[in-house]
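In what follows, a single structure is set out as structure tokens and then discussed.
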Amino acid sequence: KKNLQNEIRKYSFIEQKDQYYFLSGRQDLVPMRKMREEISKEKKLKAEKMVHLLCKIPTIEAVALSGSVACKNARPEDDIDLFFITRKNSVWISRFLVYFLLRVTESIRNQKLTSDRFCPNMFVSEDALLIKTQNLYTASEISHIIPLFERRNAFFQFIEQNHWIVNFF
């Protein structure tokens with residue numbers, strides 16, 4: 001950490017305030033980042049409560065936060081993106097049950113209601129963990145995932161299968 005801080009100090013176009021680094025003249029971003037981190041923290045707590053229900057589905061091996069909440073950059077109107085790993089041959093039934101539970105609890109996002117609503121945006125099966133779209137965007141999404149629930153080291157296996165993300169960072 002010290003080496004990184006010393007290296008950053010060499011560049012006059014990078015400034016620091018608190019634990020944030022930014023381009024010179026952009027210190028106005030710091031209060032916004034602090035606010036978005038707080039919003040993300042609150043949304044993460046809501047996600048943890050919902051995951052407590054979703055993990056009762058026996059075909060769900062893992063659930064994680066993704067998107068703006070996982071990046072600690074959520075705005076008040078943002079939804080809460082969820083990533084799922086399912087058992088082999090159960091993606092579709094798992095997806096159905098997740099959508100059903102979110103709809104019954106009136107927690108799923110729709111075109112009119114997004115704030116604090118859930119968006120189950122990605123499902124992968126434990127026998128198909130490798131993400132084939134290997135680009136910077138996908139690598140960034142994977143690197144920001146925050147596990148909230150798992151069985152049998154599902155996330156370790158997922159990250160192990162997608163080790164290609166290190167090529168982008």
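Figures for the structure shown
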quantity: Test: residue in segment 94-105 that is of a type in the set (Val, Ile, Thr), more than 14 Å from the chain's Cα centre (by Cα) and surrounded by 17 or more Cβ atoms within 10 Å (Cβ to Cβ); calculated: yes
quantity: Test for residue 139: is it assigned to a loop (DSSP other than H, G, I, E, B) and over 23 Å from residue 53 (Cα atoms); calculated: no
quantity: Test: residue in segment 134-145 that is open to solvent by 20 Å² or more (accessible area, probe 1.4 Å), at pLDDT 95 or above and among the aliphatic types (A, V, I, L, M); calculated: yes
quantity: Pairs with Cβ under 6 Å, 6+ apart, first in segment 19-32 and without any contact (Cβ under 8 Å) to a residue 12 or more places away in the chain, second open to solvent by less than 50 Å² (accessible area, probe 1.4 Å); calculated: 29/22
quantity: Residues satisfying the stated conditions in segment 148-169, i.e. in contact with a helix residue (DSSP H, G or I) (Cβ under 7 Å, 6 or more places away or on another chain) and either open to solvent by 70 Å² or more (accessible area, probe 1.4 Å) or assigned to a loop (DSSP other than H, G, I, E, B) (or both); calculated: 162, 168, 169
quantity: Residue tally, condition open to solvent by 60 Å² or more (accessible area, probe 1.4 Å) and not basic (Lys, Arg), over segment 83-93; calculated: 3
quantity: One residue from 121, 110 being open to solvent by 60 Å² or more (accessible area, probe 1.4 Å), free of Cβ contacts under 8 Å to residues at least 60 places away in the same chain and closer than 26 Å to residue 160 by Cα; calculated: 121
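The values are calculated or read from the model by the stated rules, or taken from the named source; none is laboratory data. On a predicted model such as this, the values are computed, not experimentally measured, just so you know. For neighbour counting, all protein chains shown are included, and Cβ atoms are generated from backbone atoms with ideal geometry for every residue, glycine included. With ligands, DNA and RNA removed, areas are computed over all heavy atoms of the protein, side chains included. Shrake-Rupley method; radii C 1.70, N 1.55, O 1.52, S 1.80 Å.
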